[in-house]
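Engineer: Dropping the structure in here first, questions after.
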Amino acid sequence: MYMGYSELCGSAAVSAAEEQRQLLACAPMVKRIVRQLNAQVTATMNREDMEQIGLLGLLDALRRYGPPDEKFGAFAAMRVRGAILDELRRQDWRPRTVRQESHKLRDAVRELTRRLGREPAEAEILTALKLTPEEYQEYQLADVAEEFASFDELVNEMANVPSDCRSPEAQTVARRTLEKALQRLDEREQKVIQLYYEFELGLKEIAAVLGLTEARVCQINKGALRKMKDFLQQP
């Protein structure tokens, strides 16, 4: 089992009572993120364990960031999500055969895109790869989970310095860099990213809001994340 809630609180540098108050105040955010991730990954970890790992991520965010302010929520959400995804990867929640099939399908979609000279429609992918809608959605969910994880790692690197140790100029540069990365997306891509990261909706919920299939939302999300990663990784 993972570390209990009382153990989390008792290990803080600040008083246990103050740390517990801060954790309790942010606990609903952890539950929302767990619900979001639980809906899109097939994990060996139950929801209670995911919440405890999320609390560890929240505690780490509190200690790195310093006294919470109006920008702490976004920072903490990224740390919580990253902690859970890290643990899922550590437990190898995707069997090797599933990963291999996912990579095989990804290469096939890229080849189809190259052959068509444009992004293929979902129906074209299903026909060309001889997939059922359910198989394609499973592939997309698994593939996009990896994109979320690697994107979260990249953004975490940018936000890894506590606010009390980072100059206002550096904070402004980091924020503007992310804003510029978002501006590279089209309107629908921006909406999907906003619903996922700001409103913490799961992929199924985003699909319902936008009137799309879950597989299509995965496709849009994956493309958006890659565009942003390419921009953020520029020297």
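Engineer: How do the helices (runs of 4 or more DSSP H) wholly within the range 111-189 filter down when requiring 2 or more residues that are under 25 Å from the mean Cα position of the chain (by Cα), surrounded by fewer than 16 Cβ atoms within 10 Å (Cβ to Cβ) and at pLDDT below 80: which remain?
Structural biologist: Where helices (runs of 4 or more DSSP H) fall fully within the range 111-189 and carry at least 2 residues being under 25 Å from the mean Cα position of the chain (by Cα), surrounded by fewer than 16 Cβ atoms within 10 Å (Cβ to Cβ) and at pLDDT below 80, they are 133-158, 168-183.
Engineer: For the range 57-75, which residues satisfy the criterion of being buried (at least 18 other Cβ atoms within 10 Å of the Cβ) and either within 15 Å of ARG21 (Cα to Cα) or hydroxyl-bearing (Ser, Thr, Tyr) (or both)?
Structural biologist: Of everything in the range 57-75, those that are buried (at least 18 other Cβ atoms within 10 Å of the Cβ) and either within 15 Å of ARG21 (Cα to Cα) or hydroxyl-bearing (Ser, Thr, Tyr) (or both) turn out to be LEU58, LEU59, ALA61, LEU62, TYR65.
Engineer: Under the condition of being surrounded by 15 or more Cβ atoms within 10 Å (Cβ to Cβ) and free of Cβ contacts under 8 Å to residues at least 60 places away in the same chain, which residue from the range 224-235 is farthest from the chain's Cα centre (by Cα)?
Structural biologist: Among residues in the range 224-235 that are surrounded by 15 or more Cβ atoms within 10 Å (Cβ to Cβ) and free of Cβ contacts under 8 Å to residues at least 60 places away in the same chain, the one farthest from the chain's Cα centre (by Cα) is PHE231.
Engineer: Return a yes/no flag: does the range 17-26 have any residue that is modelled with pLDDT under 75 and more than 24 Å from ARG89 (Cα to Cα).
Structural biologist: Within the range 17-26, none of the residues are modelled with pLDDT under 75 and more than 24 Å from ARG89 (Cα to Cα).
Engineer: Right, something else. Polar (S, T, N, Q), closer than 21 Å to GLN36 by Cα and crowded, with 20+ Cβ neighbours inside 10 Å - does that describe any residue in the range 201-213?
Structural biologist: Checked against the condition, which is being polar (S, T, N, Q), closer than 21 Å to GLN36 by Cα and crowded, with 20+ Cβ neighbours inside 10 Å, the range 201-213 yields no hits at all.
Engineer: Considering only the range 205-215, state which residues are farther than 17 Å from LYS31 by Cβ and assigned to a helix (DSSP H, G or I).
Structural biologist: Hits for the range 205-215 are ILE206, ALA207, ALA208, VAL209, LEU210, GLU214, ALA215.
The values are calculated or read from the model by the stated rules, or taken from the named source; none is laboratory data. Every value quoted in this text rests on a predicted model; they were computed, and no experiment measured them. Ideal geometry is used to build each Cβ from the backbone, glycine not excepted, and the neighbour counts take in all protein chains shown.
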